[in-house]
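Here's the structure, in structure tokens; my notes come after.
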């Protein structure tokens, strides 16, 4: 039987995944476009920073985020000085951690999509008098729609399964930072395998259905 706390954890999980992915799409678009167009020699440094979460253990990244976002950290102290809320053990902190940890799963598909666009498409639009901004939004962005679907799917799915980052900077506060992965861990830790199985199965079914619908839409738009 799914408890009220379990439903809250699932709701929080999907809210975190959706918000983080949307933020990543907004942030990742200019980064990906720049990476696909620039010929600067230090481009590899930006690519390295973006891809770092792929190889860095979540607990390591979570530890340094905990320090940076804490009340004595550079980011946390600045936010507090400006009258902002505490970032650690809060939903806002989870969003920041998720955005950083899932960034390569959004930026890399977008980078690949922009790199694969025929440059003649932009040149043709320029001949017809399109401004650079208009060329990007009305010509190049639609041509990269496949990359955006892949970026959304990967970013969303990766955030759903986060555990290490969430536990390090969010803790385990019901209704605030307790996502589904943490709830499942709690059940296993207390040997309540039946509840762990029920919540895991429900999350699996919801995730599978959601991703199936997204892939179906993607294939239909091809």
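Every read-out reported here was derived from the displayed coordinates using simple, explicitly stated rules and does not represent laboratory data. All of these numbers come straight from a predicted model, not from anything done at the bench. Because the Cβ atoms are built from the backbone with ideal geometry, glycine has one as well, and the counts that use them run over all protein chains shown.
For the chain, modelled as a GNM with alpha-carbon contacts under 10 angstrom, which of 60, 74, 166 fluctuates the most?
For the chain, modelled as a Gaussian network with Cα springs under 10 Å, the answer is 74.
Once you order the gyration tensor axes a ≥ b ≥ c over the Cα atoms, which shape class does region 71-199 get: rounded for a/c under 1.5, otherwise prolate or oblate by comparing a/b with b/c?
oblate
Determine the gain in length on full extension of the stretch residue 19-residue 216; use 0.36 nm per residue of separation and subtract their C-alpha separation, reporting nm with one decimal. It would help to have the intermediate numbers written out before the result.
Numbers: separation 197, 0.36 × 197 = 70.92 nm, distance 2.22 nm.
Residue separation times 0.36 nm, minus the Cα-Cα distance, leaves 68.7 nm.
What number, in percent, do you get for the relative contact order of the chain if the mean sequence gap of Cα pairs under 8 Å and at least 6 apart is divided by its residue count? Can you show the working numbers first?
Values: 251 pairs, mean separation 71.6, N = 222.
Once divided by the residue count of the chain, the mean separation gives 32 percent.
Label-point separation (nm) for residue 27 and residue 60, each offset 7 Å from Cα along Cα-to-Cβ?
2.0
How much length would be gained if the chain were fully extended between residue 40 and residue 117, taking 0.36 nm per residue of separation minus their Cα-Cα distance, in nm to one decimal?
Length gained, residue 40 through residue 117: 25.7 nm.
Applying 1/(1 + (r/R0)^6) with R0 = 35 Å to the Cβ-Cβ distance of residue 67 and residue 205, what FRET efficiency is obtained, to the nearest 0.05?
Efficiency, from the Cβ-Cβ distance: 0.40.
Region 1-71 to region 192-217: how many Å between their Cα centroids?
Taking the Cα centre of each part, region 1-71 and region 192-217 sit 22 Å apart.
Between [x] 17.4; [y] 17.9; [z] 19.2, which entry matches Kirkwood radius over Cα pairs in Å as derived from the coordinates of this structure?
[z]
By the gyration tensor of its Cα atoms, with a ≥ b ≥ c the square roots of the eigenvalues, what is the shape of region 136-222: rounded for a/c under 1.5, prolate for a/b over b/c, or oblate?
Judged from the Cα gyration tensor, region 136-222 comes out oblate (a/c at least 1.5, b/c at or above a/b).
Decide, for region 4-71, between rounded, prolate and oblate: order the square roots of the alpha carbon gyration tensor eigenvalues as a ≥ b ≥ c, take rounded if a/c falls under 1.5, and otherwise choose prolate if a/b is larger than b/c, else oblate.
Verdict is oblate for region 4-71.
Calculate how steeply helix 193-221 sits against the longest principal axis of the alpha-carbon atoms of the chain, using the helix alpha-carbon long axis, and give the answer as 0 to 90 degrees to the nearest 10.
10
Quick one: helix 91-115 against the long Cα principal axis of the chain, what's the angle to the nearest 10°, folded into 0 to 90?
Taking the Cα atoms of the chain, the angle to 91-115 is about 30 degrees.
Packing-wise, with mean Cβ within 10 Å as the measure, how do 63-69, 190-196 rank, highest first?
On the way: 63-69: 18.3, 190-196: 12.6.
For the peptides 63-69, 190-196, the packing ranking is 63-69, 190-196.
Using a 7 Å offset from the Cα along the Cα-to-Cβ direction at both residue 1 and residue 48, what is the distance between the two label points in nm, to one decimal?
5.6
Rounded to the nearest 500, what is the 222 nm mean residue ellipticity of the chain from helices alone, with -39500 (n - 2.57) per DSSP H run of 4+ residues and division by all residues?
-24000 deg cm²/dmol
From a point 7 Å beyond the Cα of residue 131 in the direction of its Cβ, which residues of region 15-36 have a backbone N at a distance under 15 Å?
So the set is empty, nothing qualifies.
What FRET efficiency do you get for residue 145 and residue 81 if R0 is 35 Å and r is their Cβ-Cβ distance, rounded to the nearest 0.05? Before the final figure, lay out the partial values.
Working: r = 42 Å, r/R0 = 1.19.
Computed FRET efficiency for residue 145 and residue 81: 0.25.
Note down the relative contact order for region 105-222 as a percent, whole number, built from C-alpha pairs under 8 angstrom at least six residues apart.
24
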